[in-house]
Amino acid sequence: MLNIHELERQWLRYKIKSYIPLVLSIFASVSIIALLFIYVPLSDTIDTAVEITEVEPITAQVQTVTKQEPTPEPVVAPIELNIADNTQVKIKVEPKEERHTLVLKPSLHFMDNIEDGLTAFIEEEMPMQEPLTSSLQSNDTLAVLDDNENPDSTSTTEQTDENRLNITSNQDDSDLKDVIRRFKKNKNPALSLFIAKRYYAAGEYQKSYNYALMTNEIDKNIEESWIIFSKSLVKLGQHELAMNTLKSYLKTTKSTAADVLLRKIESGTFK
Amino acid sequence: MRLLVLISCFLFSFAFADIKTSLYHLYQDKQYEEACKEGLKVFQQYRKDEEFVSLYAFSCLHADYIDRLAIPISLLKKTEEARSNAAYFSVILMQKKLLYHALLDGYELNELKLPTTDHVLSIVFGLYSKAPHDRKQNHYMFFDKQNDKVSYKLYIKNGNHSKKMVIEEYYDTIMTHRHTYW
């Protein structure tokens, strides 16, 4: 008697064993395909991602060219590294976490227009007035007067011309010498500022620079001194130094006059 | 008739120039409060002149009349400079309002990322928004990041009709400025 059950079991085992190589080969091929799918498309996406990030600002035409003819770029090394790390996020050029805060600054250019309007108005009002420097060079008229100046020491003659009052002085620079002597004695910044202004008006910019510098050293909070100092520097051809001085001064103060002068130097309207 | 119109135009322009000039001189002499008040008196007449409006607005800004910037903000729009200044003023105005709201009502400013300016309100706003607010304080002391000698004290003062926000600027423990806003 044949044991049919035993035969059937044996047949089943045999059948299963015969299928094992097939199943294994299918599994292997599937896993190989899966691996291919995993790795090959990943490298492609990295390439395209990099291309996009790199070529983004360039025109579309250039993009197509780069795709057709891939040339070795310096971005190869990062790609390889990223493949090794198996992280796609790091490829992206991330924007900086700490964004710069937008700083708004006031614009005071309109002040120039107002000031220009004022000077034009003054010129219209006083057409007879001669330029300051020429009048000082001739030593006939003392154009700059200050509180520190002793009015008794100057012999002034008043000339009335209809409605206009002209104060003229025939004295030379003896009053200035007197102020310089007084300054050397008491080191008063008001006196040195006065001297600086006088020298500047006379066109002696080196001396005005020196006295303005002395004034700044004694008292660095006198706005007018910084203005004269910077103006003298410009007249001496030191535009950059003048601008840097004004910029550093503006950092500590909110001087409108300094700001206006700085912009005039920058725009070239003050020479 | 034509002559009359010409004369009136001339007189008008002369008067206008005079007002702007006086305002300009007040501003240059750092009499900001006076300039702001004078500007306010004639504001309606000259609201179309952006130079005048800008001058008025800067005067009021320096005089700590921040709320008066609201109208110049809406009017300054014709030129690039005017728009730039309008943006500058609006940031300061907004920061003042937000800071006031935060101090009185506990409004959270930490999440906000706003532009900033060189004005003291912006500086204090930036320092306040970065400071921890675990518990409510009567006053806040902030130290300048660039100059450790400079510090700011921020607190709320009870006024007669409304609560006022006060910012005091210190240099080496000496108070240099006090700004009051409401």
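Of the residues screened, residue A:220 is not one that is part of a helix (DSSP H, G or I) and not small (Gly, Ala, Ser).
Look at residue B:43 and say whether it is farther than 19 Å from residue A:254 by Cβ, outside any helix (DSSP H, G or I) and touching a residue at least 12 places away in the same chain (Cβ under 8 Å). Considered against the rule, which asks whether it is farther than 19 Å from residue A:254 by Cβ, outside any helix (DSSP H, G or I) and touching a residue at least 12 places away in the same chain (Cβ under 8 Å), residue B:43 comes out as yes. For residue B:69, indicate whether it is out of contact with any Pro (no Cβ under 6 Å at 6 or more places or on another chain), away from every other protein chain (no Cβ under 14 Å) and of a type in the set (A, V, I, L, M). Answer is no for this residue. Filtering the stretch B:104-119 for residues that are within 11 Å of another protein chain (Cβ to nearest Cβ), in contact (Cβ under 8 Å) with a residue 40 or more places away in the chain and not in a helix (DSSP H, G or I) leaves a non-empty set. Among the candidates A:233, A:241, A:261, the residue that is buried (at least 20 other Cβ atoms within 10 Å of the Cβ) and either over 24 Å from residue A:114 (Cβ atoms) or of a type in the set (D, E, K, R) (or both) is uniquely A:233. Among the residues of the stretch A:234-253, the one identified as farther than 18 Å from residue A:205 by Cβ and more than 18 Å from the chain's Cα centre (by Cα) is A:253. Just so you know, in the stretch B:42-57 the residues that are touching a Lys or Arg at 6+ places or on another chain (Cβ under 9 Å) and within 15 Å of residue B:85 (Cα to Cα) include one that is nearest to the other protein chains (Cβ to nearest Cβ), and it is B:51. Just so you know, in the stretch A:224-248 the residues that are of a type in the set (Gly, Ala, Ser) and in a helix (DSSP H, G or I) include one that is farthest from residue A:199 (Cα to Cα), and it is A:248. One residue stands out in the stretch B:77-95 among those that are crowded, with 17+ Cβ neighbours inside 10 Å and over 15 Å from the mean Cα position of the chain (by Cα): the one that is farthest from the other protein chains (Cβ to nearest Cβ), namely B:82.
Coordinate-derived values only; no laboratory data. All values derive from a computational prediction rather than experimental measurement. Cβ atoms come from the backbone with ideal geometry, glycine included; neighbour counts cover every protein chain shown.
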